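Laboratory data are not the source of any read-out in this text; all were calculated from the coordinates shown. Not measured: the values here are computed from a predicted model. All Cβ positions, even for glycine, are placed from backbone atoms using ideal geometry, and neighbour counts span all protein chains on display.
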Amino acid sequence: MLRFLVIVFGLATGLAAPQTALAQSQQSQPDAAGLADLIDINALIDVMRAEGRDNAVGVDKDLLDGQGGAAWLLAVERVYEPGKLRAAFDASLSRELGDAPEVRAAMADFFGSALGKRIVGLEIAARRTLLDDKAEEVAKAAWAKAFEAKSPRAEQIEHFARANDLIESNVMGALNSNLAFFKGLSAGGAFEQAMPEDEMLAQVWAQEGDIRADTADWLYPFLMLAYQPLSDAELDQYIAFSETPAGRKINAAIFAAFDDMFVQLSTELGTSAAMLMSGEDI
């Protein structure tokens, strides 16, 4: 089944902004599209498209018996069309942050800062690096070494993951995506009889343990790689803001936006796969 791993920014800042600066940011808050630009969502979608193409190869092999070919790859490209994904993300983020001007202000304040911009760049660069299997193995080895030694940086990384609920949020995002894929398959006629939703849920939840292990196996090496250039003090600042009410709300809003986006594309992928399975043109 599909592996959709949603890694988003844990969100942090340094010292609190002076009151005058905060008031100014509240008066001129960017809209959802402006906030998404600050976290460079277009670059992240570009990486996700590459991940989607990798997933598509596995789906073709496991579900389509290797017969999907060019038609399947074209369907995947349509589903991962950047403008469509961006529109879905912006709409969801706007809805999540619509009645929280103070959270919008905090988000704009951080991602407009030098530290925020640097962190966004590091996270996207690390995710792009891990598209390469050899680089991923190196990152996993570095994390394993730090974890086994109980190094201060490994403890910081674990603290960061807990503060942002990254394991649970990623697991739930993956389960929701896989359920959406099942629904797309069913709606597209992949099964002789429509699969009841409770049966879909049972099959999806049966994957929870594997998804949880897979998430941890990817997440910690990713975080270790991404934040390697940060000083301990910078990472501590990042963690501290993540644990504030504003930081938690921002993180939740971004996860919700990604979840909506992945549910949409997973449903479309399932429907497209079903049509290929039944010999229909897509």
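Computed over every Cα-Cα pair of the stretch 43-115 and binned at 5 Å starting from 0, the pair-distance distribution P(r) comes out as 3, 13, 17, 15, 14, 12, 9, 7, 6, 4, 0 percent. Counted as membrane-span-like here are DSSP H helices of the chain whose alpha-carbon atoms extend 30 Å or more along the helix's own axis and whose Kyte-Doolittle mean is 0.5 or above; these are 166-187, 245-277. If you take Rg/Rh (Cα atoms, Kirkwood Rh) from the coordinates, which of (i) 0.99; (ii) 0.97; (iii) 1.03 do you get? Matching entry in (i) 0.99; (ii) 0.97; (iii) 1.03: (i). Note on SER113/ALA87: beta-carbon distance plugged into 1/(1 + (r/R0)^6) with R0 of 22 Å gives a FRET efficiency of 0.20.
Only DSSP H runs of four or more residues enter the estimate; each adds -39500 (n - 2.57), and after division by the residues of the chain the mean residue ellipticity at 222 nm equals -25000 deg cm²/dmol. Stretching the chain fully between MET172 and LEU74 yields a gain of 32.5 nm (0.36 nm per residue, less the alpha carbon separation). Note on ALA187 and GLU155: with the Förster distance fixed at 51 Å, the Cβ-Cβ geometry gives a FRET efficiency of about 0.65. Residue separation of ALA100 and ALA142 scaled by 0.36 nm, minus their Cα-Cα distance, works out to 11.2 nm of gained length.
Note on LYS183, LYS145: ascending count of other Cβ atoms within 10 Å places them as LYS145, LYS183, the fewest first. Taking 0.36 nm per residue of sequence separation and removing the Cα-Cα distance, the ASP198/GLU243 pair yields an extension gain of 12.6 nm.
If the label point is 7 Å along Cα→Cβ of ASP65, which residues in the stretch 253-282 have backbone nitrogen under 18 Å from it? Answer for this model: 273-281.
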